[in-house]
Amino acid sequence: MPESSGNAALFLDLGGTLIKLDETQEIPQDSNGSVIVELLDNVADRLRPMREYLMFVVTNQSKIKRGRFTMDQIEDALRVLDQKLGDILTAWKVCPHDDADGCECRKPKCGMITELAGLYGVDLSNSIMVGDSPADEGAARAAGVKFIHARDFFGWR
Ligand SMILES: [Mg+2]
Ligand SMILES: [Zn+2]
């Protein structure tokens with residue numbers, strides 16, 4: 001077996017994977033437009049012991065493009081999320097675009113994953129993407145990381 005080089009990482013989707021969505025399957029917001037960060041079942045308990053992995057959130061937020069919230073509001077939410085998880089996140093990437101922008105970051109493209117991998121010396125062949133959508137699965141495949149559905153990873157039944 002060849003020695004693997006680089007760090008193993010977990011790439012995590014946000015809505016429907018780490019935090020609850022509202023009844024319309026959107027990221028919930030309060031009356032000020034702030035994101036409501038409520039962890040899904042078992043997320044913190046499952047992630048906290050995984051110290052050997054770098055942990056990244058990679059999230060599509062076309063609501064920024066549509067003016068429904070700002071990058072600052074989603075960054076605030078990610079900081080709150082990190083606190084709730086016990087300060088385990090290494091970094092995050094947010095795609096603020098929609099399909100019409102043709103960017104390289106919007107999942108199912110893998111630009112967010114490959115950019116983080118380059119910055120943090122990640123061994124993609126030894127890493128995992130956890131998500132709840134076909135776009136997450138597509139990004140994982142494009143980047144060459146293993147995909148695990150959130151329901152299986154967090155044991156939701
Ligand atoms: Mg999702
Ligand atoms: Zn993008």
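The values are calculated or read from the model by the stated rules, or taken from the named source; none is laboratory data. Nothing here was measured: the structure is a model prediction, and the numbers come from that model. Glycine also receives a Cβ, built like all others from the backbone with ideal geometry; neighbour counts cover every protein chain displayed. Surface areas here come from the heavy atoms of the whole protein model, side chains and all, with no ligands, DNA or RNA. Shrake-Rupley method; radii C 1.70, N 1.55, O 1.52, S 1.80 Å.
Miscellaneous remarks
- Residue in the range 97-116 that is within 23 Å of Asp30 (Cα to Cα), assigned to a helix (DSSP H, G or I) and without any contact (Cβ under 8 Å) to a residue 12 or more places away in the chain present: no
- Of residues in the range 117-146 being within 13 Å of ligand 1 (Cβ to nearest atom) and not small (Gly, Ala, Ser), the one most open to solvent (accessible area, probe 1.4 Å): Pro134
- Filter result for Lys93 (within 16 Å of the chain's Cα centre (by Cα), at negative phi, surrounded by 15 or more Cβ atoms within 10 Å (Cβ to Cβ) and at pLDDT below 95): no
- Residue within the range 96-116 that is open to solvent by less than 30 Å² (accessible area, probe 1.4 Å) and of a type in the set (S, T, N, Q) present: no
- Failed criterion for Arg151 (all others in (1) open to solvent by less than 20 Å² (accessible area, probe 1.4 Å); (2) away from ligand 2 (no atom under 16 Å from the Cβ) hold): (1)
- Selection status of Val43, open to solvent by less than 70 Å² (accessible area, probe 1.4 Å), touching a strand residue (DSSP E or B) at 6+ places or on another chain (Cβ under 9 Å) and under 16 Å from Ile128 (Cβ atoms): yes
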